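K.L.:
Take a look at this one; I'll ask things after.
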């Protein structure tokens, strides 16, 4: 026997038991997004490599080290999407959605980065992304945060801390960048190898280092807020005022810089201490220059992405219930021929009535069928044998409460079960 093929390292199967919780998160998120006026958009998982080099930045870790990039048969350089914002912007520009328009869009799906797999960080991971275009004022920044806070409440997830910062305009960052470089060069011997490399390419990312030996140096680094332009300062102060008015706790983290070059002004993260090193569950901010950078007209924009793997893991730790996709009714035909045929028809009638139904297929004894019915999670089993077929009836057995079976006419079964299932688990 040949050796079984296994999944690629860092790319995981999602089994039905796991997906029940994912579905609860996804459905809740979709409902929340619709209440805020966001519409779904879908775009390819493969884009031209140039898109990510121009948007994320050629000297970022993502572009330099982590992207899945390859040449197709035409010699074009293509990349599996490492994040969603760039593709969403490309789609918006190409399809005329952004110029002189306000658009609220969301998307969901897999992203790909060739990282060292560890808990909470995988090579294929899944995100829900939310983007708002055409609004340059801090009220949309606040609304995005309100939206995420509402999602946590509806999912009953706690223990997430909101951290916010402002990166200012690109011009303000150029000035701060030089101040920071001068400071870091004065402590060059203290820098680790990764920070020395970033010093020449993307020095703000040094502030995001997780190396414990670097934390004292980072804590003493010049504060970006002291170098903000006046307009960015007012923008940030107004955002803070909105959060305070809505009673949303937050912490200003002046070292929060994010790993993508396109961010301007507001950046934020929802973080937790319950997931180990990979504690960022949701992150985003403002990227006012990206649309123009990718060939569109100047368009203010802001958004965020939440990681489904991390959010699902946090929800599981806090015992959040998954979506209930178990059948409500298990139809057990106790024979072949006309009995099996009537079982198929009955199952379809129950589904027409809006019930979730699993039909036993493949035959088997009453005992074996009842075992499967119990394992399915259904509340009721419908037993259909020769006597029931002759009387145009079915035996209704409650699998969750010890009570006598009931003989019910086939025509009355859909209404009876709908009423019982609507009445609660005790019936």
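Values quoted throughout were computed directly from the atomic coordinates according to the rules given, and no laboratory measurement underlies them. What you are looking at is a predicted structure, and each value in this text was computed from that prediction instead of being measured. Please note: Cβ atoms are built from the backbone with ideal geometry, for glycine as well, and neighbour counts cover all protein chains shown.
K.L.:
If you line up the long axis of helix 170-185 against the longest principal axis of the chain, both from Cα atoms, how many degrees apart are they, to the nearest 10?
P.N.:
Value to nearest ten degrees: 70.
K.L.:
Now, a different point. Provide 330, 380 in ascending order of the number of other Cβ atoms located within 10 Å of each residue's Cβ, fewest first. Mind showing how you got there, number by number?
P.N.:
Numbers: 330 27, 380 24.
Going from sparsest to densest Cβ surroundings: 380, 330.
K.L.:
Computed FRET efficiency, Cβ-Cβ of residue 244 and residue 194, R0 45 Å: what is it to the nearest 0.05?
P.N.:
Details: r = 37 Å, r/R0 = 0.82.
Given R0 = 45 Å and the Cβ-Cβ separation, E is 0.75.
K.L.:
Restricting to bridges with both residues inside the range 329-422, how much of the DSSP beta-bridge set is antiparallel, in percent to the nearest 5? The partial results should precede the final answer.
P.N.:
Numbers: 8 of 16 bridges.
Close to 50 percent.
K.L.:
Where the centre of each part is set by its Cα atoms, how far does the range 77-105 sit from the range 264-320, in angstrom?
P.N.:
First find each Cα centre; the distance between them is then 17 Å.
K.L.:
Could I ask something else about it? For the range 128-228, state what percent of all Cα-Cα pairs lands in each successive 10 Å bin, counting from 0 Å until the bin that includes the largest distance.
P.N.:
Result returned by the calculation: 12, 34, 26, 23, 4.
K.L.:
Another question, if that's okay. Can you check how the C-alpha radius of gyration of the range 329-422 compares to 2.2 N^0.38 Å, as a plain ratio? If you can, show how the numbers build up before the last one.
P.N.:
Working: Rg = 11.8 Å, N = 94, 2.2 N^0.38 = 12.4 Å.
Working it through for the range 329-422, the quotient is 0.96.
K.L.:
By count of other Cβ within 10 Å, fewest leading, how are 397, 371 ordered?
P.N.:
Details: 397 18, 371 12.
Lowest to highest Cβ neighbour count: 371, 397.
K.L.:
For the peptides 30-40, 47-57, 130-140, what is the packing order when you average, over each peptide's residues, the other Cβ atoms within 10 Å and list the highest mean first? Write out the running numbers ahead of the final one.
P.N.:
On the way: 30-40: 13.8, 47-57: 18.6, 130-140: 20.2.
Going from most to least packed, we get 130-140, 47-57, 30-40.
K.L.:
Taking 8 Å as the Cα distance limit and 6 or more residues as the minimum spacing, I'd like the relative contact order of the chain as a percentage. Intermediate values should be presented prior to the final figure.
P.N.:
Working: 702 pairs, mean separation 68.0, N = 427.
Worked out over the chain, it gives 16 percent.
K.L.:
I need to check one value: relative contact order of the range 329-422, counting alpha carbon pairs closer than 8 Å and at least 6 residues apart, in percent.
P.N.:
Relative contact order, the range 329-422: 30 percent.
K.L.:
Please report the Cα spread of the range 356-405 along all three principal axes, rounded to whole Å, starting with the longest.
P.N.:
Taking max minus min along each principal axis of the Cα atoms, the range 356-405 gives 29, 27, 22 Å.
K.L.:
Along each of the three principal axes of the Cα atoms of the chain, give the extent in whole Å, ordering the values from largest to smallest.
P.N.:
Largest first, the chain extends 91, 60, 46 Å along its Cα principal axes.
K.L.:
Considering only DSSP beta bridges with both partners in the chain, what is the antiparallel share in %, to the nearest 5?
P.N.:
Roughly 80 percent of the beta bridges in the chain run antiparallel, per DSSP.
K.L.:
What are the semi-axes of the equivalent ellipsoid for the range 108-165, taken as the square roots of 5 times the Cα gyration tensor eigenvalues, largest first, in whole Å?
P.N.:
Details: eigenvalues 131, 59, 27 Å².
Semi-axes, largest first: 26, 17, 12 Å.
K.L.:
Angle, helix 85-94 long axis vs. longest principal axis of the chain, Cα atoms, 0 to 90°, nearest 10?
P.N.:
Orientation of helix 85-94: about 90 degrees from the principal axis.
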